[in-house]
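The structure appears right after this line, and notes come after that.
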Amino acid sequence: MVTQRDIQSLTKLIAPTLGKFQFKRDLMFEVPVAHYLKGFAFDRSGFDKAMFYVEAFIMPLYVPSDHISLLFSQRLTDNGSQIWFYDTTKRERLADALRNIMVHQGLPFLALVNDPYDLLERVSELHSNLQDMWVQVAVAYSAVLANQENKAGEMLQLAEAKIQEQISELQKHKITSAEHTELLQQVREVTQCYAQGHKVASRLLRSWELLTLRKLGLTDFIDSDRSE
């Protein structure tokens, strides 16, 4: 199976040529990191020891998570194939091919979102299912940060309703989901803060960005000039 060391041998060749990118574990990401973690995730396949996939992803850090979320992602393809094969003897050639695809497919995708306004405007380009629970949460939080007074409250309500709907469906099958319960509590907390004002809710969401980065072990890459 392709190892983490193999992946890092590729990212070491690619990252310096793409500009401000760093690599850690199976990730290559833009630095410094502010409100979004944007980069490339290498997914090592369990079906073939040499096979892997590459996803360009945009992760809103204000949606708390203890793992890399590929909610907003695009799998990189070469001549229609999503599959890449690692070969030690052809590592430089593979790195060149990946770099080319990243430049022409990946970087334009990453450029879609630089702030909450972008996510709100381009969410349909980022995900095919706008009714997805996590998409609705990300959109609602983005509306809060963008201070969309006519939308934020409504979107938070829609997100809460979607989560409750999912919980009810799980309960029909006697399934309890701590993840759903925690997410519901978070949305309600944002809603309560937003009722006190945009700045109060924004401070909460910005604090969650730092929390997410700590959980991901990426605090060394925080933008020292990140705005609150």
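The values are calculated or read from the model by the stated rules, or taken from the named source; none is laboratory data. Just so you know, these numbers come straight off a predicted model, no measurement behind them. Neighbour counts run over all protein chains shown; Cβ positions are idealised from the backbone, glycine included.
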In the stretch 179-187, is there at least one residue being in contact with a Lys or Arg (Cβ under 7 Å, 6 or more places away or on another chain) and within 30 Å of K24 (Cα to Cα)?
no
Across (1) surrounded by fewer than 23 Cβ atoms within 10 Å (Cβ to Cβ); (2) within 14 Å of the chain's Cα centre (by Cα), V33 clears everything bar (1)
At pLDDT 95 or above, charged (D, E, K, R) and in contact with a His (Cβ under 7 Å, 6 or more places away or on another chain): does that describe E160?
no
